[in-house]
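Chemist: Right, I'll just put the structure down here and ask away after.
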Amino acid sequence: MTGHDAALSLNRFETRLATRLVFFIGGLTMGAWSPLIPFAQQRLGVDDAGLGLLLLCLGIGSVLFMPLAGPLCAAFGSRRVIVGSGIGLIAGFPALGYAETIPLMAIAVFLFGSFLGVMEVGMNSHAVDVESGSDKPLMSGFHAQFSIGGFAGAGAVTLFLTLGLSPFAAAGLIALSSLLLLIVAAPRLLPNRTGGSSTGGAFPKGVVLLLALLIAITFLTEGAVLDWSAALITDQGLVNIAQGGIGFMCFSITMTIGRLLGDRVVARFGPKNILLWGGVITIAGILLVATASNLAVSLIGFAAIGAGVCNIVPVLFSLTGRQKVMPQGAAIAAVATAGYGGILLGPAVIGFVADGIGLPVTFAGLSLLMVIVALSAGVAVQGATAE
């Protein structure tokens, strides 16, 4: 290997590492938010409907700003978008553990959703660019780091709270850790290329519309686990409030393992089977969690949900890149916006429904949405791979 080849290889390694770190930061902050939610609800004295309104602020912030991320990446490059939104995300994160009035909390949650949404699109756009320069798939590995981050965030905050730290102190430690990781990653991201695959703003059509629907449903399910798992198992009396993040941790463990093995699993069974049987396993997990009368059954259910959904999203992104109905960049931006809109906006709706019929019944209703994913597997794969 020549000196030039060695330098190129090192540069590629550092770029991939930086991309993984960015995904990890996104997962870390989202995971850390989950065990903070019951404390926010308790601190503000709101019911499930009130909490749903706060979560709606998060979704509104994401949906409003996420469509801008694609054009921003095209104009300024994904690195600037990732760094700028990352700084905003980190700076405001401690407020989620401190705000003591509903207006302040609503603002904090809105900004959290806004910066996180822009960062999510930016890092997926960057991942597409990195993968396009590789001779092997990388997307599942990047998304695995997001899952690892989610587990680490939920686990760390749960530990901090169990040790007696305040929610504000726990959130501050997560913010500091994220800042250090961003400082390491930023200079190693791809140069600020413009006009590439980050094109955004197009409305999905044809099979891309179906893929967007399926990814929105899947992300909504993930978002429900993120935002409502702690409240669900504490309301059921299975754990106390300080251990509320344990369900999300189990979900994150199986999701992470599944995504680390994702490329081989998809190659072995094919995308259709991943969507079909992943949907079936997720449905079973949702029903276990919703009807659990003891902690062990509930945790098995959360683990099953993680195992079921883990490779559905990477497969849907892969199919989006293969379809011929829309340009790849526009299709990825549209599907990503629908997906992350689902994960951030959908759980807010759950709060309103849960206030009327109860959280366990509402959570069980997610299984009906996942039926759509399972039954659409063949149509989605055929439509995306048709010439």
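Chemist: Select from segment 51-93 the residues that are of a type outside the set (S, T, N, Q), more than 23 Å from L17 (Cα to Cα) and open to solvent by less than 20 Å² (accessible area, probe 1.4 Å) and list them in ascending order.
Modeler: L51, G52, L54, L55, L58, G59, G61, M66, F93 - these are the residues of segment 51-93 that are of a type outside the set (S, T, N, Q), more than 23 Å from L17 (Cα to Cα) and open to solvent by less than 20 Å² (accessible area, probe 1.4 Å).
Chemist: Please state which of the following conditions E120 fails to meet, knowing it meets all the rest: (1) modelled with pLDDT under 85; (2) buried (at least 24 other Cβ atoms within 10 Å of the Cβ); (3) in contact with a Gly (Cβ under 8 Å, 6 or more places away or on another chain).
Modeler: Of the numbered conditions (1) modelled with pLDDT under 85; (2) buried (at least 24 other Cβ atoms within 10 Å of the Cβ); (3) in contact with a Gly (Cβ under 8 Å, 6 or more places away or on another chain), the odd one out for E120 is (1).
Chemist: Follow-up. Being in contact (Cβ under 8 Å) with a residue 60 or more places away in the chain, in a helix (DSSP H, G or I) and open to solvent by 40 Å² or more (accessible area, probe 1.4 Å) is true for just one of V184, V265. Which residue is that?
Modeler: V184
Chemist: Would you pick out the residues in segment 158-180 that are of a type outside the set (F, W, Y) and touching a Pro at 6+ places or on another chain (Cβ under 7 Å)?
Modeler: Those that are of a type outside the set (F, W, Y) and touching a Pro at 6+ places or on another chain (Cβ under 7 Å): T158, L161, A171, G172, A175.
Chemist: Scan segment 39-49 residue by residue and report those that are at pLDDT 85 or above and in a helix (DSSP H, G or I).
Modeler: Residues satisfying the conditions are F39, A40, Q41, Q42, R43, L44.
Chemist: For G258, state whether it is under 26 Å from T29 (Cα atoms), in contact (Cβ under 8 Å) with a residue 60 or more places away in the chain and not basic (K, R).
Modeler: no
Chemist: Also, I was wondering about something else. Could you check, for segment 322-334, whether at least one of its residues is of a type outside the set (A, V, I, L, M, F, W, C) and free of Cβ contacts under 8 Å to residues at least 12 places away in the same chain?
Modeler: Looking through segment 322-334, none of the residues is of a type outside the set (A, V, I, L, M, F, W, C) and free of Cβ contacts under 8 Å to residues at least 12 places away in the same chain.
Chemist: Could you please find all residues in segment 130-166 being out of contact with any helix residue (DSSP H, G or I) (no Cβ under 6 Å at 6 or more places or on another chain), in a helix (DSSP H, G or I) and either among the hydroxyl-bearing types (S, T, Y) or open to solvent by less than 20 Å² (accessible area, probe 1.4 Å) (or both)?
Modeler: S132
The values are calculated or read from the model by the stated rules, or taken from the named source; none is laboratory data. The structure presented is a predicted model; accordingly, all values stated were derived computationally and were not measured. Note that we place each Cβ from the backbone using ideal geometry, even for glycine, and neighbour counts take in every protein chain shown. Ligands, DNA and RNA are stripped out before the accessible areas are found, and what is left, the full protein with its side chains, is counted by its heavy atoms. Shrake-Rupley method; radii C 1.70, N 1.55, O 1.52, S 1.80 Å.
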